[in-house]
Amino acid sequence: MRRLLPVTLSLLFLTPAAAYAGCLQAEQAKTIIEGVVSEGSFEDAAGNPEQAFILKLPVPTCLAGDEQLPETEQVSTIHIYSSNDQVAQSIKGFMGKDVFVQGTPFGAHTAHHHAPIVMDITAIETY
């Protein structure tokens, strides 16, 4: 997770508008975005409860290059999860904190996705 530190420090000097001047690019690994981590309770397509971590963005963004989400749609939340067990287990420790996450964003396409943009994160840290 320390790999993010130089990038994170440089992002601190950007205003939110500058940091989100363009859309996120779908399937682009190592995308970095800022937000506050929360946890929500949702229902899947069968009505079964499930928990999901949601990144609440300070400035809405969009997603380019994914047919599931029109590029013109501005969103304020991203469903985050991690395929890496160590990172996945650490997310809960960041609840309510302003963080930077790094990962690969894509458009929601199943009942298990609980925000218009979903991101498989590889790193998470506060600044």
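The values are calculated or read from the model by the stated rules, or taken from the named source; none is laboratory data. In this text, all values refer to a predicted model and were calculated from it rather than measured experimentally. Every residue, glycine as well, gets a Cβ built from its backbone with ideal geometry; the counts of neighbours run over all protein chains shown. With ligands, DNA and RNA removed, areas are computed over all heavy atoms of the protein, side chains included. Shrake-Rupley method; radii C 1.70, N 1.55, O 1.52, S 1.80 Å.
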| field | residue 93 being more than 19 Å from residue 30 (Cα to Cα), surrounded by fewer than 17 Cβ atoms within 10 Å (Cβ to Cβ) and among the small types (Gly, Ala, Ser) | value | yes
| query | Among the residues of the stretch 19-27, is any open to solvent by less than 60 Å² (accessible area, probe 1.4 Å), hydroxyl-bearing (Ser, Thr, Tyr), at pLDDT 95 or above and in contact with a strand residue (DSSP E or B) (Cβ under 9 Å, 6 or more places away or on another chain)? | reply | no
| message | Which residue is farthest from residue 36 (Cα to Cα), if the candidates are limited to the stretch 50-90 and must be open to solvent by 30 Å² or more (accessible area, probe 1.4 Å) and in contact with a helix residue (DSSP H, G or I) (Cβ under 8 Å, 6 or more places away or on another chain)? | response | 81
| query | Here are some conditions: (1) in contact with a Leu (Cβ under 8 Å, 6 or more places away or on another chain); (2) open to solvent by 50 Å² or more (accessible area, probe 1.4 Å); (3) within 17 Å of residue 87 (Cβ to Cβ). Residue 36 meets all but one. Which one does it not meet? | reply | (3)
